[in-house]
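This report refers to the structure that appears directly beneath it.
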Amino acid sequence: MNYKMVVGLVAILLAFVGYIPYIRDILRSKTIPHVFTWFIWTLAAAISCGLQFFGGAGFGAWSTVAVVTICFTIFILSLRYGRKGITYSDVACLILALISLGLWLLANQPIWSVVLIVATDVIGFIPAVRKSWHQPYSETLGTYQISTLRYGLSIIALEHYNIFTLLYPSVWVIVFAAFCVMLKMRRKVVV
């Protein structure tokens, strides 16, 4: 086993370990997932995973396979335990994300495809960020901290570095790190 395989396996393990508390908190009604976010993330992660394999990501893409499985599980849970107050901005994000997915189908260019999928994923996160701004305790902070680390490790595990393999995990390292900072700041303000 080379070091990239070991790092990739650790990233996969962190995906599952990181979401155990999240799923536990959903079942305890402590974490309230936003159904639109998890629906969009399931679709976008599945497509991103395919693009990573297309780009030769190797072991680095297996972390994304784990994410697809987890996102789908949380999407199903969010149908019962998730955020019920859907806003116009949430619907707008869903529509934008679906348009982005539609453009991906029409793009027929791999580079634009990966850019559009990442954009879809980030747009899909906006409803959860909006919800968390007002209810910073409605998300499991540790899960996002572990996810930041996991995506960082999946970058190290990549066998080939190019836009297909790097864009998705790199964006999520940045977005999740910023989200963690936002949650910590808001938790000091909202008691």
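The values are calculated or read from the model by the stated rules, or taken from the named source; none is laboratory data. Small disclaimer: the values here were computed from a predicted structure and weren't measured. Cβ placement follows ideal geometry from the backbone for every residue including glycine, while neighbour counts extend to all protein chains displayed.
Rundown of residues vs (1) of a type outside the set (A, V, I, L, M, F, W, C); (2) within 18 Å of Val122 (Cα to Cα); (3) crowded, with 21+ Cβ neighbours inside 10 Å; (4) in contact with a helix residue (DSSP H, G or I) (Cβ under 7 Å, 6 or more places away or on another chain), yes/no style:
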| residue | (1), (2), (3), (4) |
| --- | --- |
| Ser29 | yes, no, no, yes |
| His34 | yes, yes, yes, yes |
| Ala44 | no, yes, yes, yes |
| Leu51 | no, yes, yes, yes |
| Gly55 | yes, no, yes, yes |
| Ala66 | no, no, yes, yes |
| Ile70 | no, yes, yes, yes |
| Phe75 | no, yes, no, yes |
| Val91 | no, yes, no, no |
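Is there a residue being farther than 19 Å from Trp172 by Cα and surrounded by 16 or more Cβ atoms within 10 Å (Cβ to Cβ) anywhere in the stretch 108-120? The answer is no, given that none of the residues of the stretch 108-120 is farther than 19 Å from Trp172 by Cα and surrounded by 16 or more Cβ atoms within 10 Å (Cβ to Cβ).
One line per residue, one yes/no per condition, for (1) among the basic types (Lys, Arg); (2) at pLDDT 85 or above; (3) under 22 Å from Thr64 (Cβ atoms):
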position: Lys84; (1), (2), (3): yes, no, no
position: Ile95; (1), (2), (3): no, yes, no
position: Leu98; (1), (2), (3): no, yes, yes
position: Leu105; (1), (2), (3): no, no, yes
position: Val114; (1), (2), (3): no, no, yes
position: Ala119; (1), (2), (3): no, yes, yes
position: Phe125; (1), (2), (3): no, yes, yes
position: Ala128; (1), (2), (3): no, yes, yes
position: Tyr137; (1), (2), (3): no, yes, no
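Residues that are within 15 Å of Trp172 (Cα to Cα), surrounded by 20 or more Cβ atoms within 10 Å (Cβ to Cβ) and touching a Ser or Thr at 6+ places or on another chain (Cβ under 9 Å) within the stretch 123-147 comprise Ile123, Gly124, Phe125, Ile126, Ala128, Thr143, listed in sequence order.
Could you identify the single residue in Val122, Val129 that is within 25 Å of Thr165 (Cα to Cα) and not basic (Lys, Arg)? Break it down into steps so the answer makes sense when it comes.
Numbers: Val129 fails: within 25 Å of Thr165 (Cα to Cα).
On inspection, the qualifying residue turns out to be Val122.
Pairs linking a residue in the stretch 6-21 that is in contact (Cβ under 8 Å) with a residue 60 or more places away in the chain to a residue that is aromatic (Phe, Trp, Tyr) and crowded, with 16+ Cβ neighbours inside 10 Å, with Cβ atoms under 8 Å and 6 or more positions apart or on different chains, are Val7/Phe59; Gly8/Phe59; Gly8/Trp62; Ala11/Trp62; Ala11/Tyr151.
On the basis of being surrounded by 15 or more Cβ atoms within 10 Å (Cβ to Cβ), in contact (Cβ under 8 Å) with a residue 40 or more places away in the chain and either under 27 Å from Gly8 (Cα atoms) or of a type outside the set (Lys, Arg) (or both), does Leu167 make the cut?
Values: surrounded by 15 or more Cβ atoms within 10 Å (Cβ to Cβ): yes; in contact (Cβ under 8 Å) with a residue 40 or more places away in the chain: yes; either under 27 Å from Gly8 (Cα atoms) or of a type outside the set (Lys, Arg) (or both): yes.
Here the answer is yes, as Leu167 does meet what is asked.
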